[in-house]
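Working notes for the structure below.
The values are calculated or read from the model by the stated rules, or taken from the named source; none is laboratory data. Values in this document were obtained by computation on a predicted structure and should not be read as measured data. Quick reminder, even Gly has a Cβ in these numbers, built from the backbone with ideal geometry, and neighbours come from all protein chains shown.
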Amino acid sequence: MASNHTLSVDLGDRSYPIYIGSGLIHQPELLTSHIRGHSALIVTNTTVAPLYLNAIENSLNSAGIRYNSIKLDDGEQYKTIESVMAIIEILLTERHDRQTTLIALGGGVVGDIAGFTASIYQRGVHFIQVPTTLLSQVDSSVGGKTGVNHPLGKNMIGAFYQPQCVIADTSTLSTLPDRELSAGLAEVIKYGLIYDASFFSWLEQNISGLMQKDNSLLAEAILVSCQTKAEIVQQDERESGIRAILNLGHTFGHAIETTMGYGNWLHGEAVATGMVMACDLSLRQGWIDDSVRQRCISLLKKCSLPVSPPPDMGIDQYMDAMAIDKKTVNGTIKFILLEALGKAIVTSDYDPELLVQTLSEC
Ligand code: NAD
Ligand code: GLY
């Protein structure tokens with residue numbers, strides 16, 4: 001694939017570009033051309049700052065933009081309203097006005113926190129996503145879901161709020177730990193399962209290269225993933241319908257993340273297991289045959305991802321956590337299930353007995 005790509009997320013006056021390529025954080029104008037005022041706040045964390053904060057600071061210096069930065073503690077357990085308040089405190093003490101821009105430099109945790117803060121600070125200021133994990137480059141930086149966790153439920157405090165642009169510099173993945181690469185691949189595989197059977201086959205063929213961080217394969221996977229996500233979000237920005245298919249495996253997965261304690265299971269790991277459970281329920285419903293479930297399990301295993309839920313998690317714990325899921329309406333839990341490889345549906349029309357079988361036997 002050619003080195004750099006620009007995609008567009010077309011949402012009327014909330015449209016924005018996604019830049020994908022190697023070395024993009026060293027191209028100052030990509031960033032600064034999307035900053036309207038004269039100030040910015042870089043939101044990052046203690047792991048990412050030593051690696052990439054300098055590059056962002058250099059870009060802002062080159063354009064004479066005044067900036068501050070905040071380095072949050074690293075981890076899903078810090079995706080909290082307290083982190084939001086810490087960012088707001090800096091914005092206020094450093095006199096950032098409504099023209100300021102927040103720059104999210106990091107993975108999905110930083111992006112979700114910074115985006116949500118931008119959505120509420122002085123009723124909304126601009127923000128830019130500079131995702132540095134595979135997961136954030138293929139999923140969380142695109143589409144405008146922002147938010148933080150509550151102890152009782154994942155992502156329960158949040159807003160739809162689109163960034164000004166997404167700068168996905170694939171060279172930042174060189175420093176990503178293997179476990180985080182695998183977690184990102186879970187969301188990549190999700191796109192194949194829900195929307196694109198031929199992409200799923202391409203992943204099957206190229207998975208060992210992807211696991212070895214082959215640059216051009218990773219760039220191709222990011223491009224296809226972002227294209228798919230943009231296509232879905234453009235049809236249904238606020239998730240009143242089709243966008244929910246992007247949550248394949250997430251109802252089970254969020255229950256695992258919440259119950260096991262934020263940060264113990266990575267988001268991508270919980271989604272991987274959740275997708276196997278969704279395949280299992282789809283199979284029990286008679287909607288897919290076992291070869292689809294087996295192909296899913298086999299691909300996830302090749303990514304060193306977990307394919308079985310935590311052994312100590314009981315049915316009641318799932319039911320409690322899933323009752324708080326955002327797709328639950330009047331007590332009925334909706335699931336994203338498969339009708340075929342590459343075709344997902346959002347449904348509450350499943351047999352509750354089969355759900356119990358999936359939870360107890362998976
Ligand atoms: P993360 O943000 O916790 O990042 C994973 C780890 O990698 C962290 O330790 C981080 O400091 C480190 N890191 C980041 N970039 C690095 C780099 N280039 N080199 C070395 N280390 C690096 O996790 P994530 O997987 O990126 O994101 C998960 C979060 O995203 C979850 O909170 C999930 O709910 C959220 N999410 C949101 C959406 C959405 O649409 N908003 C979609 C999917 C997931
Ligand atoms: N990650 C699910 C969504 O963006 O809708």
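Things worth noting here:
- Residue match in the stretch 61-77 (condition: in contact with a strand residue (DSSP E or B) (Cβ under 7 Å, 6 or more places away or on another chain), buried (at least 16 other Cβ atoms within 10 Å of the Cβ), within 16 Å of ILE167 (Cβ to Cβ) and of a type in the set (A, V, I, L, M)): yes
- The stretch 17-59, residues that are among the hydrophobic types (A, V, I, L, M, F, W, C) and either modelled with pLDDT under 95 or within 16 Å of ligand 2 (Cβ to nearest atom) (or both): ILE18
- Pairs meeting the criteria (first residue in the stretch 126-141 and near ligand 1 (Cβ under 6 Å from one of its atoms), second residue assigned to a loop (DSSP other than H, G, I, E, B), beta carbons under 7 Å, at least 6 apart or on different chains) are THR132/VAL48; THR132/GLY107; THR133/GLY107; THR133/LEU176; LEU135/GLY107; SER136/GLY107.
Listed here are the residues, each with its yes/no results for (1) surrounded by fewer than 14 Cβ atoms within 10 Å (Cβ to Cβ); (2) out of contact with any Gly (no Cβ under 9 Å at 6 or more places or on another chain).
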{"position": "GLY314", "(1), (2)": "yes, yes"}
{"position": "MET319", "(1), (2)": "no, yes"}
{"position": "GLY331", "(1), (2)": "yes, yes"}
{"position": "PHE335", "(1), (2)": "no, yes"}
{"position": "ASP351", "(1), (2)": "yes, yes"}
{"position": "LEU359", "(1), (2)": "no, no"}
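- Enumeration of residues in the stretch 1-36 that are aliphatic (A, V, I, L, M) and either in contact (Cβ under 8 Å) with a residue 40 or more places away in the chain or at positive phi (or both): MET1, LEU7, VAL9, LEU11, ILE18, ILE20, LEU24, ILE25, LEU30, LEU31, ILE35
- In the set (1) out of contact with any helix residue (DSSP H, G or I) (no Cβ under 6 Å at 6 or more places or on another chain); (2) more than 15 Å from SER141 (Cβ to Cβ), the condition left unmet by ILE70 is number (1).
- Lone qualifier among GLY274, GLY261, GLY268 - being under 17 Å from SER308 (Cβ atoms) and more than 12 Å from ligand 2 (Cβ to nearest atom): GLY274
- Taking the criterion of being free of Cβ contacts under 8 Å to residues at least 60 places away in the same chain and under 15 Å from GLY108 (Cα atoms), the only residue of the stretch 182-211 that qualifies is VAL188.
- Whichever residue in the stretch 123-162 is within 24 Å of ALA272 (Cβ to Cβ), hydrophobic (A, V, I, L, M, F, W, C) and out of contact with any helix residue (DSSP H, G or I) (no Cβ under 6 Å at 6 or more places or on another chain) and, among such residues, is modelled with the lowest pLDDT: LEU152
- Selection status of THR258, modelled with pLDDT of 95 or more, among the β-branched types (Val, Ile, Thr) and in a helix (DSSP H, G or I): no
- VAL148 in contact with a Ser or Thr (Cβ under 6 Å, 6 or more places away or on another chain) and either part of a helix (DSSP H, G or I) or closer than 27 Å to GLY124 by Cα (or both): yes
- Whether a residue is within 14 Å of ligand 2 (Cβ to nearest atom), touching a residue at least 24 places away in the same chain (Cβ under 8 Å), touching a helix residue (DSSP H, G or I) at 6+ places or on another chain (Cβ under 7 Å) and at positive phi was assessed, and GLY107 does not pass this test.
- Test set (1) buried (at least 24 other Cβ atoms within 10 Å of the Cβ); (2) under 14 Å from the mean Cα position of the chain (by Cα) - ASN155 fails condition number: (1)
- Filter result (away from ligand 1 (no atom under 11 Å from the Cβ) and either in a loop (DSSP other than H, G, I, E, B) or of a type in the set (Phe, Trp, Tyr) (or both)) within the stretch 219-248: ASP236, GLU237, ARG238, SER240, GLY241, LEU248
- Residue check for LYS213: modelled with pLDDT of 95 or more, assigned to a helix (DSSP H, G or I), among the basic types (Lys, Arg) and within 15 Å of ligand 1 (Cβ to nearest atom): no
- Within the stretch 174-188, restricting attention to residues that are out of contact with any helix residue (DSSP H, G or I) (no Cβ under 6 Å at 6 or more places or on another chain) and part of a helix (DSSP H, G or I), the residue that is surrounded by the most Cβ atoms within 10 Å (Cβ to Cβ) is LEU185.
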